[in-house]
Structures are given as C-alpha cells and as structure tokens.
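Below is one structure; the comments refer to it alone.
The values are calculated or read from the model by the stated rules, or taken from the named source; none is laboratory data. Keep in mind the model is a prediction, meaning the values are calculated, not measured. FYI the Cβ positions are ideal-geometry reconstructions off the backbone, even for glycines, and counts take in every protein chain you see. The protein model used for the area step is the full one, side chains on, heavy atoms only, and it has no ligands, DNA or RNA in it. Shrake-Rupley method; radii C 1.70, N 1.55, O 1.52, S 1.80 Å.
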Amino acid sequence: MWVTLAFGSALLLGLYDVLKKTALSGNAVIPVLFLNTALSLAIYVPFIVLSSKGIIGDGSIFHIPAGGWAEHRFVILKSFIVLSAWMSGYSGIKHLPLTIVGPINATRPVMVLVGAMLIFGERLNLWQWCGVVLAFVSIVLLSRTGKKEGIDFRRNKWIFFVALSAVLSAVSGLYDKFLMGRFAPMFVQSWFNLYQFLIMAVVLLALWYPNQGKGSAFTWRWAILLIPVTLAVADFLYFYALSREGSMVSIVSMIRRSSVIVSFGFGALLLHEKNVKSKALDLAFILVGMVLLYIGSR
C-alpha cells in the first residue's frame, strides 16, 4: 500500500514541477514562493479550525491536534529546512531547463539512502543497490550532456542551487521519517504550512519588498494558484506512505522522484528544450533504477 501511495505522490510532484517552471519563468522568486505558502496554508486552515472546535474528531485522519511547544518545535525546524530547499530549488528551476533540473532532482533519494542506512538502519537488497548505482551513472551522463548547452556542473551557480536544494530535501526526507514515527501526518503537514507562511512573510517584507525593482518584477500567473494544490495532495500521500508499517524512507523517496517523467516530457514536448535525446538516455538510467528499486521493495 505504501508503494502505491508513493507513486501517486510522484505523479502530482511532476505536475508541481511543471507549474513551478510556468510560474517562475521571468518572474520574481520570493513573492511566488510567498503566495505558494499562503495558498497552501489556506487549504489547511479549515481543518485546523474544525479540529479545534471538535467538529473533526480524534478518530478522523483529517483531525489536527493542537499540540504544545514540545511538539511544535520539531515542525518549526522542518519549516526552515524545507523553505531553504525551496528557495534554492525555485532559483535553480527559474534559470535552468526542466530537462536538466528534473534528472538532478531525481537523484535525491541516493542521499536519502545513505542517511537512512546510517540513521534508521535500513538495508537494501541486491535489486535496490543496482537501482542506486544506475542513479549515480545517470548524473555523470547528465553532466556531460549539460556541457553541450554551456552548462558546466562545476561552475554554474544555478546547478549549485539545485544541488543544494537536493541535499536539503534529502535532509527533510530523513527528518520526515523521524516525525512520522512520533506525530500524526496531518499535525505535521498543517502546522508546517502555518510556520512556513510566517517565515516567508518576514522574508518578503524584509528582503524583497524594500528592494523590488532591482530584480525580476512580479507578475501574477494562474499556475501560482495550482502549485500549492498539487503539492498539498502529493505531500498528503507522501506522509501517509511513510506512516504505513514497513515503509522505507529510502524507497519512498526514490519512487517520488519518478515525477521527473512528467516534468521531462513537458520540457521536451512543449518547451522544446535542447539535446532531448541525450537527456532521455540519462533519464532512462534513472527510470530503470526506479523499477529495480520497486522490484526490490515488493
């Protein structure tokens, strides 16, 4: 069951990346991210209010416990980790082709794997190790393909931002496994959205608003409205996959990265990005790795 939930989350994450690229192209990053957090919070406010009034009872999966400082401090830490990852990732996806960003992001689970082995004692079988090796091969091939477009993986700052986002996302994935062992998924997801909204409000007012006009101007796009909806449902499926008995964070994270199929297809077919054939080969290694991981998890 947890594998099916992970694949559902992956499909929605692919749409999420496509919407981000559409919203950020030639647009200011900080206000787009702020609106995403505001709209995401709006999804959960009704559940918070109804739970506090007892209309949504303890027995419902949509019930949100109030909690105290002992619980909320863990969620606040998650908010800082995720927002740092998003700021880096949003900046990278704005300036790089989706057919480059997608495969890089798809290698995040390799970092999660190392952490899961060290922290949670998870162990992979032969099928799963083969999948991990293919993921490493794909990133080497992708770096070579990027050079054809003048993108040097060692010197391009936007590649650095995407890589930083991948590392922070891996940290967040490991931390999620820790949180799911202690708190209800809706508790983490709802309060996390509240805290990240508050943090982004401070960033918007302190950093972007006084300096607007010095960088990209902000333009409203309808894709901005859809970003938090796809992410909210994707995260809902993700958290419940992790909360299921026997779930492995390394495998769930790897499956989620199959979202690259959707974003890659959008970049290739609709944005007509370059060197698609070479990148498709790189992507194929990742996808085969996903299949091997799936076989190994059954």
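Scanning segment 152-176 for residues that are in contact with a Leu (Cβ under 7 Å, 6 or more places away or on another chain) and either at pLDDT below 85 or more than 20 Å from ALA280 (Cα to Cα) (or both) yields TRP158, ASP176.
State all residues of segment 28-46 that are open to solvent by 50 Å² or more (accessible area, probe 1.4 Å) and modelled with pLDDT under 90; if no residue qualifies, say none. Once the filter is applied, which keeps residues that are open to solvent by 50 Å² or more (accessible area, probe 1.4 Å) and modelled with pLDDT under 90, segment 28-46 yields only ILE43.
The condition of being in contact (Cβ under 8 Å) with a residue 40 or more places away in the chain, of a type in the set (A, V, I, L, M) and open to solvent by 10 Å² or more (accessible area, probe 1.4 Å) does not hold for ILE93. Can we say ILE224 is open to solvent by less than 30 Å² (accessible area, probe 1.4 Å) and farther than 18 Å from PHE47 by Cβ? So ILE224 passes the test. Return yes or no: is PHE183 of a type outside the set (Ser, Thr, Tyr), open to solvent by less than 50 Å² (accessible area, probe 1.4 Å) and either touching a Lys or Arg at 6+ places or on another chain (Cβ under 6 Å) or without any contact (Cβ under 8 Å) to a residue 24 or more places away in the chain (or both)? It is false that PHE183 is of a type outside the set (Ser, Thr, Tyr), open to solvent by less than 50 Å² (accessible area, probe 1.4 Å) and either touching a Lys or Arg at 6+ places or on another chain (Cβ under 6 Å) or without any contact (Cβ under 8 Å) to a residue 24 or more places away in the chain (or both). Filtered by the rule that a residue be of a type outside the set (Val, Ile, Thr) and open to solvent by 10 Å² or more (accessible area, probe 1.4 Å), segment 17-27 gives ASP17, LEU19, LYS20, LYS21, SER25, GLY26. Touching a Phe, Trp or Tyr at 6+ places or on another chain (Cβ under 8 Å), modelled with pLDDT of 85 or more, closer than 30 Å to ALA201 by Cα and of a type in the set (Ser, Thr, Tyr), is that true of SER84? Here the answer is no, as SER84 does not meet what is asked.
The condition (being within 14 Å of PHE236 (Cβ to Cβ), surrounded by fewer than 18 Cβ atoms within 10 Å (Cβ to Cβ) and free of Cβ contacts under 8 Å to residues at least 60 places away in the same chain) is satisfied by just one residue among SER52, SER60: SER60. Within segment 120-131, at least one residue is among the acidic types (Asp, Glu), surrounded by fewer than 21 Cβ atoms within 10 Å (Cβ to Cβ) and touching a residue at least 60 places away in the same chain (Cβ under 8 Å).
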